[in-house]
1. Mind telling me which of the residues GLU41, GLU45 ends up being open to solvent by 70 Å² or more (accessible area, probe 1.4 Å) and free of Cβ contacts under 8 Å to residues at least 60 places away in the same chain?
2. Do we have ARG30 as open to solvent by 50 Å² or more (accessible area, probe 1.4 Å), assigned to a loop (DSSP other than H, G, I, E, B) and farther than 26 Å from GLU144 by Cβ here?
3. Going through segment 75-119 one residue at a time, which ones are within 21 Å of VAL156 (Cβ to Cβ), in a loop (DSSP other than H, G, I, E, B) and modelled with pLDDT under 90?
4. Need the failing condition index for GLN75 against (1) closer than 25 Å to ASP109 by Cα; (2) open to solvent by 30 Å² or more (accessible area, probe 1.4 Å), just the number.
5. Return yes or no: is ALA51 part of a helix (DSSP H, G or I), over 10 Å from the mean Cα position of the chain (by Cα) and within 19 Å of THR153 (Cα to Cα)?
6. Within the group ALA69, ALA113, which residue is closer than 16 Å to PRO161 by Cα and open to solvent by less than 70 Å² (accessible area, probe 1.4 Å)?
7. May I ask you to verify whether LEU148 is surrounded by fewer than 14 Cβ atoms within 10 Å (Cβ to Cβ) and under 16 Å from the mean Cα position of the chain (by Cα)?
8. If you go through segment 87-94 one residue at a time, do you hit one that is closer than 19 Å to VAL164 by Cβ and crowded, with 21+ Cβ neighbours inside 10 Å?
Amino acid sequence: MRAAAGVRFVVLVGLPGAGKSTVGPLVAARLGWTFLDLDGEIEREAGRTVAAIFDAEGESGFRTRERSATLQAAQRAPCVIAAGGGWMLDPANRKALGEGLLTVYLRVDPAVALGRMAGQVLTRPLLRTADPVATLQEILARRESLYLQANHTLAVDSMSPTQVAHTIEALASGRNGD
């Protein structure tokens, strides 16, 4: 399937555990594009995990690396990008990808997101708290207005990864998710 004219990037945004890294490769395969997991790219470039980056450089250091990874991704069009949960915090990220950017907010209930992450919670720096669900709720309260700036919002709580990928592929192809 081909993307609609002008669409060069599909960027998936949302809370940790929304399914961005699971759905992204499926969307890329459907479109015949490259898939990039920005957190994975950052880890590869840094030679350490996101958690280790947060520990050594703090969130601001990580966000600087995220911006750099986005600039590098801009050279790899067309591609599907699974952005970190905070990617939308920096308008420079969207600007770096320029025209042809389609953003999709994978909206998920924090409790569902936490359940999807299961044993990965300790590898998520922002979730190393006594109450990860409450932390996700706080993160969502701070970020949702930014997530809602995406071109499309999909409520994914009860959708399978295949259903989500099909819908995103339809949106990228100009078929409005049908």
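The values are calculated or read from the model by the stated rules, or taken from the named source; none is laboratory data. All figures in this text were calculated on a predicted structure; none of them were measured in a lab. FYI the Cβ positions are ideal-geometry reconstructions off the backbone, even for glycines, and counts take in every protein chain you see. Just the protein is used for accessible areas: all its heavy atoms, side chains included, with ligands, DNA and RNA removed. Shrake-Rupley method; radii C 1.70, N 1.55, O 1.52, S 1.80 Å.
1. So the residue among GLU41, GLU45 that is open to solvent by 70 Å² or more (accessible area, probe 1.4 Å) and free of Cβ contacts under 8 Å to residues at least 60 places away in the same chain is GLU45.
2. It is false that ARG30 is open to solvent by 50 Å² or more (accessible area, probe 1.4 Å), assigned to a loop (DSSP other than H, G, I, E, B) and farther than 26 Å from GLU144 by Cβ.
3. GLY84, GLY85, GLY86
4. (1)
5. On the way: part of a helix (DSSP H, G or I): yes; over 10 Å from the mean Cα position of the chain (by Cα): yes; within 19 Å of THR153 (Cα to Cα): no.
No: the conditions fail for ALA51.
6. ALA113
7. Yes, satisfied.
8. Scanning segment 87-94, I find at least one residue that is closer than 19 Å to VAL164 by Cβ and crowded, with 21+ Cβ neighbours inside 10 Å, so the answer is yes.
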